[in-house]
Each structure stands twice: as C-alpha cells, then as structure tokens.
Amino acid sequence: MTNVANSYLGLMAELNQRNAAPAPAPPRSMKMEIDDNVTEGYDELFDPPVSSIMECPVCLLVLRDAVQTACGHRFCKNCILKVLREGRKACPVDNEPLEESQIFPDTFARREIQNYTVHCRNYNERGCDWLGPLLELPSHLKVCLFEYVPCTNNCDVEVLRCDLEKHLKEDCLKRIEACRYCSIKVVFKNLEDHHSTCIEFPIFCPNNCSQDIIIRKNLDDHLQNHCPKARVHCPFKDLGCSFEGRREEVDAHFNDSFKSHVADLVKVVCKLKENVDKDVVPVRSIQQASAPELAQKLLALQEKVNELALRVGEAAEKGNQGVQLAELYYSTQNTAISKIESSIRDLTARLDVRDVSITELQAKIWNGHFVWKIVNFDKLFKQATTGEVPAIHSVPFYTGIPGYKMCLRVNLNGVDSGASTHISMFIHLMQGEFDNFLPWPFPGKITLMAVDQSENDPLHVTETLVARPGLQAFLRPKTARNHKGYGYVEMISHAVLRTREYLKNNSLIVYVTVTTTD
C-alpha cells in the first residue's frame, strides 16, 4: 500500500512540474528585405476574378509574397515594408501600431494565389489563348508566340516571337544578304558601305556628264575616252595647238578651227617635202651604197605623212561625235528635269495627305504607357504663376489598338486647394478612332507618376486613380476633348519638387500608365 501511494505522489509531482513549464513562444518574424525588382502586387488577368480578401490594401492588386500582420491583415511584402520604412508605424487598415517584427509570411495565401488561374499577359492585346495557374505563367511567357523577344542576331530590336523568323529573313539589320550587283554576301547594315566600293555598282560620272549610269569598273575608260566633260588636249597638239579644255569644248574648238588646223598640217607637209628635196641628189652622182639609205628615208617620210592623215581623219570624226553628244546631253537633261518636276508634284500631294494622319499615328504608338518630358520648365512655371498660360496639355495618346484616346493636363501652379503650392494633373478623355467599339463609361485604372531623375535611389511620386462610372470625366466625349478631367489637385508640392531631382536639365518627366478592365 505504501509503494502504491509513493508512485501516485511521484506521478502527481511530475504532472505539476510539466504544467508549471512556460507556454511555447509565438512564431518569430523573419528578417524581411524589399525586393527591388518588384514594385507591387500581381497585375494579371485572373479568371475568375480574385476575391478582395486576397488583394493588397496598399496597391489594390492581388497579393505578391503575401504577409500577415499581428492584427490579422494581409499585404504584399514590399508594400507593407515600404509603408513602415517611410515612417508610418501603423497598420494602413485599422491604424493599429505595427512594427516589422509583427509581420509574418502568409504561406497559405501564397500557395493559394500561385494556383489561381490567369490568362496570358498577351491575351487582350495580341490574342494569346493560354490559361493556366499563376505559378506556370513565367514558364509560358518564355515560349509564348505573342511575347516580345530580342532578335537573335543582336540587332537591338524586339519582335513578337511568332514574327522572329520573318524579321530574321526580311527586316533584321544584321541579316546576311547578297549584293544585287556583284552577288557578294554582306551584313545588311553594311550593304551601303559595300556599295561604295563594289566594282559592279552603278554610279554617276564625277564630271556630271550626260551619261546616266556607269558601272564603277568602267569609270576609268569612260573618263579617258568618252566623257564629254573630261579635260583633254586638242588632237592637233603635236602640230602646235595648245588648246585644252573639256572634251565637249575641244570638240567645238576642233570644228571652229578645222580649216586653220588643216592649213597647219599642209605647212608641215610642205616643210617635210622641202627637207626631202634637200636630201635628193642627181641619180648619176648617187653611189650604189647610198641607195638603201635613201629608200629608208623615203619610207620614214611616207609613214609620217600617213600618220598625220590618220590624225586628221580621227579629229574630224571626233568633231561630228562632239556635236551629237551635245545634242543628246541637252535632250537628256530636259527629259530628266521634266521627270523630276513631275515627281516633286506627286510627292508634295502625298505629303499633304499624310500630314493629316501623323498626329493620330503618333498617338497610337504609346499603347497605354505615355511619357511626357516637359522641357523649359522654369519658363512654363513663370507663365503659370502669372496666369499667362495656366495649363498645358500633352499630345494625345491611346491606351491600345483599339483603345481609348486621352491626354494629360498639367497646371504647374496648381488649382483649387493646390493653387500656388502644388502641381495639379488631370486626365481628359478625347474622341478617338475606336470609340464605337469600346465600352462606356471608361473602365480602368490610371497611374500618374512624377519621375525622380536621380541616378541613385529615385523616389518617384505616384498616384493611382480608378475610373468612377458616374462621373462625366469618364463618359464618352461629345467634343474633341472632354472638358471634364479627373486627377489630383495636389500631385506634388512645389517644395518637394526642388528637394530631389524631379527637375533635371530644366525638365520634368511625367509617366502615365493606363490599364483597362474591359
């Protein structure tokens, strides 16, 4: 009986000791760092839409790297860390005091979100029909035919993956092509340099003569023997004529001086005859030994006479050719001038037509991402403060093709509560090419950013507005530009504007991002 009692007392003592042990500590918060490669939550096209409990209250997007606070609210890791590190030590939802040590990874939410179904990012704009879990989206984008990829020839151009083969064959500046004149294969962007030395390349005469096209390898022969504007001597140079000029001038000189040149030739022949006569002696006094010598002199004299006659004939022929070339030259020039005048008239008409659509074409290239560099800021700011130019408007831009057309209005000296203290910014919808095919009122989200142009740790000022269907600013415009705008009267204060490099080289950069939810 005593042994049983002792065992019972020992067991009770052990239980009391265990109950007295301290309770296990709550999970410890891990040291968290901001990911500089990520700015906010997942801005993907989820199908079906994600419940609001999985949206970050800061960036209003689906949670990325979800964390949970001690007060039970979920945020993107980067979003809540930025809030706390910018000086606000309280939960953005309930304003309860909050430290980084009270933030914990939400493994359940992260796993659930990675399994949510999303469309490819190229679904709306380019028609990719891929649909799968968010976890597999990065892998799909590596093979998506509608994703922009860099050219494999490193030509610094990005094209859709489905267009890459065509780009490499037809458009890439670094593709290999054969010269159409000599068939040598060269890099396309170097083709123009190759043409500057290609021996088969057609060129114009450097003397601007009447011959339209000359193959480069034939240029020397053209200049030496045919070009009417090449500098040459008169064919009678050996007879004492000193005239020198362009071939066409020499031909004209030859025609004008033909009689005098023939007279000079006759004088030379007569002089030769006199020389021959001096060498003639009576036949009786000639020794047999001198006969071969005399015959040789006569043959030499005959050759000189024949040579002079040949030169006279060639000179006469060149004179006739010079007249014909001159007539052909002037005829060709008149025809070329008429063709050029006709081409100028045609090009002028085409430019007049194209000028009408240039502004509209420029607006379409922004595709929902618009950058406006406001130059000469000090001058514009002074005009705003004096009331001379209270507001400036950007060029129009589209949210996509098809898409909504809009522009940005900036009041550098502010309006309403921001007057004289802030820069105000407003979005204005405009009448666009695709309005008949778009849903109205405008559905979507617009982010305005005043860009900090600092090279190290830039601190951009960003505000995001969500369309409100009940406001006139988002209704379909009835005029070229909706007179009602929507934005922020206190976008950035004048004091903050000059504390960092929001102004650089007297310029302010504004970046607008538009995301539609149609």
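The values are calculated or read from the model by the stated rules, or taken from the named source; none is laboratory data. All values reported here derive from a predicted model rather than from experimental measurement. Because the Cβ atoms are built from the backbone with ideal geometry, glycine has one as well, and the counts that use them run over all protein chains shown.
Couple of notes before you dig in:
- Being farther than 23 Å from P390 by Cβ and not β-branched (V, I, T) is a property that holds for P469.
- Selection of region 408-432 for residues being in contact with an Asp or Glu (Cβ under 6 Å, 6 or more places away or on another chain) and either aliphatic (A, V, I, L, M) or at pLDDT below 95 (or both) yields only G418.
- Which listed residue, of P27, P48, P138, P97, is surrounded by fewer than 13 Cβ atoms within 10 Å (Cβ to Cβ) and modelled with pLDDT under 90: P27
- Note on region 200-218: residues that are surrounded by 12 or more Cβ atoms within 10 Å (Cβ to Cβ) and either of a type in the set (V, I, T) or on the phi > 0 side of the Ramachandran plot (or both) amount to 3.
- Within region 480-511, the set of residues being surrounded by 15 or more Cβ atoms within 10 Å (Cβ to Cβ), of a type outside the set (A, V, I, L, M, F, W, C) and more than 20 Å from E455 (Cα to Cα) comprises R481, N482, G485, Y486, G487, Y488, E490, S493, H494.
- Test result for Q224, of a type in the set (S, T, N, Q), at negative phi and either in the same structural domain as R247 (by TED's automatic domain parsing) or in contact with a Leu (Cβ under 6 Å, 6 or more places away or on another chain) (or both): no
- Long-range neighbours under 6 Å by Cβ, at least six apart or interchain, first residue farther than 9 Å from H428 by Cα within region 463-489, second exposed (fewer than 11 other Cβ atoms within 10 Å of the Cβ): V489/D416; V489/S417
- Note on region 103-213: enclosed strands (runs of 3 or more DSSP E) holding 1 or more residues that are touching a residue at least 24 places away in the same chain (Cβ under 8 Å) are 103-105, 117-119, 131-133, 158-160.
- Taking region 240-256 as the range and being more than 25 Å from N208 (Cα to Cα) and crowded, with 17+ Cβ neighbours inside 10 Å as the test, only C241 passes.
- T421 meets each of the listed conditions (1) surrounded by fewer than 16 Cβ atoms within 10 Å (Cβ to Cβ); (2) free of Cβ contacts under 8 Å to residues at least 60 places away in the same chain; (3) more than 30 Å from the chain's Cα centre (by Cα); (4) closer than 26 Å to K82 by Cβ apart from (2).
- Checked against the criterion of being in contact with a helix residue (DSSP H, G or I) (Cβ under 8 Å, 6 or more places away or on another chain) and of a type outside the set (D, E), the candidates S507, S454, S417 yield just one match: S507.
- Single residue of P469, P458, P439, P477 found to be surrounded by 15 or more Cβ atoms within 10 Å (Cβ to Cβ) and not acidic (D, E): P477
- Taking each residue of region 232-253 that is farther than 22 Å from N207 by Cβ and looking for partners that are assigned to a loop (DSSP other than H, G, I, E, B) and not small (G, A, S) with beta-carbon atoms closer than 7 Å, six or more apart or interchain, yields C241/C234.
- Residue match in region 74-89 (condition: basic (K, R), part of a helix (DSSP H, G or I) and buried (at least 16 other Cβ atoms within 10 Å of the Cβ)): yes
- Residues satisfying the stated conditions in region 238-260, i.e. closer than 15 Å to N225 by Cα and not charged (D, E, K, R): G245, V250
- Flag for L380 being under 24 Å from L448 (Cα atoms), at pLDDT 95 or above, surrounded by 12 or more Cβ atoms within 10 Å (Cβ to Cβ) and over 28 Å from the mean Cα position of the chain (by Cα): yes
- Search result, residues across region 481-518 that are over 15 Å from N413 (Cβ atoms) and among the acidic types (D, E): E501, D518
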